[in-house]
1. Only residues that are assigned to a helix (DSSP H, G or I), within 26 Å of Gly58 (Cβ to Cβ) and of a type in the set (Gly, Ala, Ser): list them for the stretch 83-117, please.
2. Inspect the stretch 66-80 for any residue being at positive phi and either at pLDDT 75 or above or of a type in the set (A, V, I, L, M, F, W, C) (or both) and give the result as yes or no.
3. Taking Phe55 and the conditions (1) surrounded by 10 or more Cβ atoms within 10 Å (Cβ to Cβ); (2) under 30 Å from Trp116 (Cα atoms); (3) modelled with pLDDT under 85, which numbered condition does it fall short on, given that it satisfies the others?
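The values are calculated or read from the model by the stated rules, or taken from the named source; none is laboratory data. Since the structure is predicted, the reported quantities are computational estimates derived from the model, not experimental observations. Note: ideal-geometry Cβ built from the backbone for every residue, glycine included; neighbour counts use all protein chains shown.
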Amino acid sequence: MSNSALFLVVLVTAVFMVLAALFLALWLAPKSTNAAKGEPYECGIQTRGESWVQFKVGYYLIAILFLVFDIEAVLLFPWATIYRGIGLDGLILVSFFIVVLALGLVYAWKKGALEWK
């Protein structure tokens with residue numbers, strides 16, 4: 001079997017399994033048309049006051065910075081395990097990657113995203 005035929009078989013199987021799971025979930029799921037189903041709840045208790053609360057943008061900035069540097073760690077670990085095999089080209093590419101992330105950190109620092117107010 002050629003690679004393209006194998007790829008097609010895997011793709012068709014994956015699409016079929018996803019569609020089958022969605023169909024079974026729709027078919028087997030309990031259906032309730034109760035009006036209370038659309039009410040906002042928090043921990044099983046009805047909410048008091050407004051349901052929409054604005055959060056400080058600092059929370060989002062910290063979350064985004066965490067994701068950026070978490071992805072950095074995830075991408076640098078495989079590089080560190082094969083460091084000797086990739087040569088000077090790999091070192092230059094990873095150095096560029098680290099410089100770009102460092103520039104992002106400096107930008108966030110200058111904008112005050114790391115200061116908790």
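1. Passing the criteria: Ala102, Gly104, Ala108.
2. No, because not a single residue in the stretch 66-80 is at positive phi and either at pLDDT 75 or above or of a type in the set (A, V, I, L, M, F, W, C) (or both).
3. In the conditions (1) surrounded by 10 or more Cβ atoms within 10 Å (Cβ to Cβ); (2) under 30 Å from Trp116 (Cα atoms); (3) modelled with pLDDT under 85, Phe55 misses (1) alone.
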